[in-house]
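I have placed the structure first, in the form of structure tokens, so that the comments after it can refer back to it.
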Amino acid sequence: GAVVSQHPSWVICKSGTSVKIECRSLDFQATTMFWYRQFPKQSLMLMATSNEGSKATYEQGVEKDKFLINHASLTLSTLTVTSAHPEDSSFYICSAIEGAAYNEQFFGPGTRLTVL
Amino acid sequence: AQRVTQPEKLLSVFKGAPVELKCNYSYSGSPELFWYVQYSRQRLQLLLRHISRESIKGFTADLNKGETSFHLKKPFAQEEDSAMYYCALSAGGGNKLTFGTGTQLKVEL
């Protein structure tokens with residue numbers, strides 16, 4: 001149980017286009033989902049916290065107009081990278097939790113975004 | 001702001017040798033500490049958390065508030081322990097995690 005999927009697993013796009021990444025909790029309802037970014041050989045950096053039915057909370061330095069997050073249902077959150085540029089190329093990882101604080105985060109497999 | 005430090009990028013040990021992966025943190029309140037593991041080509045998964053005080057796959061970690069450390073230990077390393085290990089901190093009663101930079105553990109035969 002407690003599986004989180006991401007789609008696509010990798011995507012290549014041209015500079016200036018927008019890319020949508022989906023994060024789904026397959027066998028539980030995720031009250032909260034998180035979006036992380038990971039550069040090669042570096043740690044995971046939290047980008048935003050996504051709560052179902054409300055606006056996402058972005059970490060300092062993350063442009064909310066650049067990285068649009070929607071959490072329209074208890075099993076789906078989407079991250080849209082708008083007007084992508086080569087510097088947005090990265091590994092994007094989502095995680096999901098069920099219920100209250102201190103619950104375990106279950107991680108998705110990640111999405112590799114390459115912007116040409 | 002909280003911070004997690006893992007001083008070693010790579011730790012190489014022989015099979016059967018003891019392992020200690022270091023983790024230090026800075027946070028003014030009472031944190032919750034975690035160790036996450038990522039095996040080759042697999043997703044990140046929780047290994048253990050300090051409030052559980054349990055041993056998982058032979059690994060243990062004790063929160064030392066005086067030294068602000070949460071080192072991960074295993075008395076006898078196994079080949080299957082080779083993986084990337086991340087220490088993480090959750091502060092203030094929420095679920096947001098701050099990750100360290102990770103330590104690659106390589107267990108050699």
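Take every pair of alpha-carbon atoms less than 8 Å apart whose residues are at least six positions apart; their mean separation over the length of chain B yields a relative contact order of 39 percent.
Under the shape rule built on the C-alpha gyration tensor, where the axes satisfy a ≥ b ≥ c, region A:5-45 is oblate, since a/c reaches at least 1.5 while a/b does not exceed b/c. Each residue, residue B:62 and residue A:74, gets one label point 7 Å from its Cα in the Cβ direction; the gap between the two is 4.2 nm. Per the Kirkwood formula applied to alpha carbons, region B:25-80 shows a radius of gyration over Rh ratio, Rg over Rh, of 1.00.
With a 10 Å cut-off around each Cβ of A:44-54, the average count of Cβ atoms from other chains is 2. Shielding of peptide B:102-108 by partners, expressed as the average count of other chain Cβ atoms within 10 Å per residue Cβ, is 1. Taking 24 Å as the straight-line reach from the Cα of residue B:74, the lysines in range (excluding those fewer than 8 positions away in the same chain) are B:9, B:15, B:22, B:57, B:65, B:106.
Dividing the radius of gyration of the alpha carbons in region B:1-49 by their Kirkwood radius gives 1.01 for Rg/Rh.
Think of chain A as a dipole: +1 on every Lys or Arg Cβ, -1 on every Asp or Glu Cβ, centred on the Cα centre; then among A:96, A:44, A:113, A:113 lies furthest on the positive end. Magnitude of the charge dipole for chain A, about its Cα centre and with charges confined to Cβ atoms of Lys, Arg (+1) and Asp, Glu (-1), is about 320 debye.
Under the convention that each Lys and Arg Cβ holds +1 and each Asp and Glu Cβ holds -1, the size of the dipole of region B:25-109 around its Cα centre is about 220 debye.
As a length-normalised measure over Cα pairs under 8 Å and 6 or more apart, the relative contact order of chain A settles at 37 percent. Translational diffusion of chain B, estimated by Stokes-Einstein from the Kirkwood radius over alpha carbon pairs at 20 °C in a medium of 1.002 mPa s, is 154 µm² per second. Taking chain A, the Cys residues with no second Cys beta-carbon under 4.7 angstrom are A:13. Between region A:64-83 and region A:1-24, what's the alpha-carbon centroid distance in Å? Each part's Cα centre sits 10 Å from the other's. With a simple spin-label model that places each label point 7 Å from the Cα along the Cα-to-Cβ direction, the separation between residue B:104 and residue B:40 comes to 1.2 nm. Would you mind getting me the FRET efficiency between residue A:22 and residue B:15? Use the beta-carbon distance for r and R0 = 45 Å, nearest 0.05. About 0.65, to the nearest 0.05.
Read-outs: derived from the displayed coordinates by stated rules, not from any lab. None of these values were measured; they are calculated from a predicted model. Here Cβ is always computed from backbone atoms with ideal geometry, including for glycine, and neighbour counts include all displayed protein chains.
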